[in-house]
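The values are calculated or read from the model by the stated rules, or taken from the named source; none is laboratory data. The shown structure was predicted, so the numbers you read here are calculated from the model rather than taken from an experiment. Note: ideal-geometry Cβ built from the backbone for every residue, glycine included; neighbour counts use all protein chains shown. What goes into the accessible areas is simple: the full protein's heavy atoms, side chains included, and nothing from ligands, DNA or RNA. Shrake-Rupley method; radii C 1.70, N 1.55, O 1.52, S 1.80 Å.
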Amino acid sequence: MKLGMVGLPNVGKSTLFNALTNSGAEAANYPFCTIEPNVGMVNVPDKRIDALSKIYAPDKITPAFLEFVDIAGLVKGASKGEGLGNKFLSNIREVDAIVHVVRCFEDIDIIHVDGDIGASRDIEVINLELIFSDIELVDRRIEKTKKLTKSDKKYVIELELFENLKSHLEAGFPARSFDIGDNIDIMNSISLLSNKPIIYAANMCEDDFKKDIKTNKEYEAVCVIAKKENSCVLPICAKLEEEISSMDYDDKQMFLDELKLEQSGLDRIIREGYSALGLISYLTAGKQEVRAWTIEKGTKAPQAAGKIHTDFEKGFIRAEIVSYLDFIECGGMVGAKEKGLVRLEGKEYIVKDGDIILFRFNV
């Protein structure tokens, strides 16, 4: 999973990136501090991996991981090449989902490119630049599809879809809020920036977390926009996350409890990223290695096996499966087998989150 962090200059994007990844990217009080995208790899926290590791004492522990990409700050006119626009847009095209950092705090010492904060305006600037870029792409697809309809009428449906999508975009709405009906394959055939899942990270000050965050009007404005798009909003404080990142586990939990937060910003972003992209993890466990494997919901057993090695998918015979909860309740694989909780599943089995799997294959 690759998450691209975007936002206007000086919204706290690089500060948050550093806090989440411990990457040490430059963060400064001037626009375009980030030019080339910074990349940070982060292990996905998973208590199931920890529990299995205690049971097996494996030689190797491999959690799932995700990649954060800190992308150059965007300005109005990016779709026409203003600022670092072309570079920004090409970098976004490579990520799976977007974390849009929105400034929801006042600070006279930190310059805002428009002079004052305004979450709704800032979101609109970035959303419109993505939409403008998408309109150009859809225009080219419409012209191509018109030519195809002359020789094959099956493309009429595709043409109608893209013409309706263009109208939707021209009205200022992102592609992710467009009703595609049953035309998922057609929509997936075109890589639209405004169709990528988005998580709004409302960057607030520490005081907001010590009181009711709903008193922050900018945060509420972000929530209104996200609701219309059916997107997620995470209230977050980049400075607090920076402090948390250097703490040990116990101090971190104590700090989060004081702020009445169940999880750190990193954990919450990971959770919402998995949800937005429809991802789950299955597990493999043994003395050699305990590992989490990330797949899309709905993946069948052979394709899940293919994540380990293509030979596993080609020669798939069956899968021995026990749910994580059953495994723990029975004290391990032997106890689970004794209670008949280890199942043999075939090619049509849809893997579930937390399945512990041993694949049988023949090449």
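If you take the residues in the stretch 59-81 that are buried (at least 17 other Cβ atoms within 10 Å of the Cβ) and modelled with pLDDT of 80 or more, which one is farthest from Ser264 (Cα to Cα)?
Applying the filter and picking the extreme gives Ile71.
Considering each of Tyr274, Tyr200 in turn, give the residue that is within 30 Å of Leu165 (Cβ to Cβ), in contact (Cβ under 8 Å) with a residue 12 or more places away in the chain, in a strand (DSSP E or B) and under 22 Å from the mean Cα position of the chain (by Cα).
Matching residue, one of Tyr274, Tyr200: Tyr200.
Leu165 - would you say it is surrounded by 16 or more Cβ atoms within 10 Å (Cβ to Cβ) and under 30 Å from Ile236 (Cα atoms)?
No, not satisfied.
Note down all Cβ pairs under 8 Å where the first residue falls in the stretch 1-13 and is closer than 12 Å to His100 by Cβ, the second is at pLDDT 85 or above and acidic (Asp, Glu), and they're at least six residues apart or on different chains.
If the second residue must be at pLDDT 85 or above and acidic (Asp, Glu), the pairs left are Leu3/Glu67; Leu3/Asp96; Gly4/Glu94; Met5/Asp70; Gly7/Asp122; Leu8/Asp122; Val11/Asp122; Lys13/Asp70.
Going by the structure shown, is Lys347 more than 16 Å from Ile55 (Cα to Cα), among the charged types (D, E, K, R) and under 25 Å from the mean Cα position of the chain (by Cα)?
Spelling it out, it is not the case that Lys347 is more than 16 Å from Ile55 (Cα to Cα), among the charged types (D, E, K, R) and under 25 Å from the mean Cα position of the chain (by Cα).
Using beta carbons and a limit of 9 Å, which pairs, at least six apart or on different chains, have the first residue in the stretch 220-248 and closer than 29 Å to Asn195 by Cα and the second one among the aromatic types (Phe, Trp, Tyr) and at pLDDT below 90?
Correct list of pairs: Pro235/Phe209; Cys237/Phe105; Cys237/Phe209; Ala238/Phe17.
Which condition does Ala119 not pass, out of (1) modelled with pLDDT under 90; (2) open to solvent by less than 40 Å² (accessible area, probe 1.4 Å), if it passes all the others?
(1)
Can you pull out the residues in the stretch 82-111 that are closer than 19 Å to Val222 by Cβ and either modelled with pLDDT under 60 or surrounded by fewer than 18 Cβ atoms within 10 Å (Cβ to Cβ) (or both)?
Residues satisfying the conditions are Glu106, Asp107, Ile110.
Only one of (1) at pLDDT below 90; (2) part of a helix (DSSP H, G or I) is not met by Asn164, so which one is it?
Going through (1) at pLDDT below 90; (2) part of a helix (DSSP H, G or I) one by one, Asn164 breaks only (1).
Restricting attention to the stretch 330-358, which residues are part of a helix (DSSP H, G or I) and either open to solvent by less than 60 Å² (accessible area, probe 1.4 Å) or not charged (D, E, K, R) (or both)?
Of the residues in the stretch 330-358, the ones part of a helix (DSSP H, G or I) are 333-338.
Within the stretch 330-358, Met333, Val334, Gly335, Ala336 meet the criteria.
Does Gly286 satisfy the criteria of being assigned to a loop (DSSP other than H, G, I, E, B) and open to solvent by less than 50 Å² (accessible area, probe 1.4 Å)?
yes
Do you know which residues across the stretch 114-160 are within 25 Å of the chain's Cα centre (by Cα) and among the hydrophobic types (A, V, I, L, M, F, W, C)?
Ala119, Ile123, Val125, Ile126, Leu128, Leu130, Ile131, Phe132, Ile135, Leu137, Val138 - these are the residues of the stretch 114-160 that are within 25 Å of the chain's Cα centre (by Cα) and among the hydrophobic types (A, V, I, L, M, F, W, C).
List the residue pairs whose Cβ atoms are under 9 Å apart, where the first residue sits in the stretch 154-165 and is among the basic types (Lys, Arg), the second is open to solvent by less than 70 Å² (accessible area, probe 1.4 Å), and the two are 6 or more positions apart or on different chains.
Lys154/Leu148
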